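The values are calculated or read from the model by the stated rules, or taken from the named source; none is laboratory data. In this text, all values refer to a predicted model and were calculated from it rather than measured experimentally. Heads up, the Cβs are rebuilt from the backbone with ideal geometry, glycines too, and the neighbour counts pull from every protein chain shown.
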Amino acid sequence: KGIPHHFRAIVWQLLCNAQNLPIKEQYSELLKMTSPCEKLIRRDIARTYPEHEFFKEKDSLGQE
């Protein structure tokens with residue numbers, strides 16, 4: 001039934017052209033950029049999940 005599980009990751013990368021060098025370079029550049037919404041999202045995390053361990057402290061893992 002379809003592609004065997006152990007081949008799916010390889011086939012998926014081939015079908016979506018994931019190894020295309022210009023696309024990989026563009027992705028690397030996009031990772032370096034900040035989102036214009038990032039500041040708003042970070043502010044809302046503290047309000048939305050004030051008691052969640054991941055976001056509770058200013059220097060916690062979720063606040064990096």
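Answer with yes or no whether Glu25 is surrounded by 10 or more Cβ atoms within 10 Å (Cβ to Cβ), at pLDDT below 80 and out of contact with any strand residue (DSSP E or B) (no Cβ under 6 Å at 6 or more places or on another chain).
No, not satisfied.
Please name all residue pairs, on different chains or six or more residues apart, with Cβ atoms under 6 Å, provided the first residue is in segment 4-30 and is on the phi > 0 side of the Ramachandran plot and the second residue is surrounded by 10 or more Cβ atoms within 10 Å (Cβ to Cβ).
Note: no pairs meet the criteria.
For segment 12-59, enumerate the residues that are among the hydroxyl-bearing types (Ser, Thr, Tyr) and under 30 Å from Gly2 (Cα atoms).
Tyr27
What is the residue count in segment 7-41 for residues that are more than 15 Å from the chain's Cα centre (by Cα), in a helix (DSSP H, G or I) and closer than 30 Å to Lys56 by Cα?
2
Taking Glu53 as the residue in question, decide whether it is exposed (fewer than 11 other Cβ atoms within 10 Å of the Cβ), modelled with pLDDT under 80 and not small (Gly, Ala, Ser).
For Glu53, the condition - exposed (fewer than 11 other Cβ atoms within 10 Å of the Cβ), modelled with pLDDT under 80 and not small (Gly, Ala, Ser) - is met.
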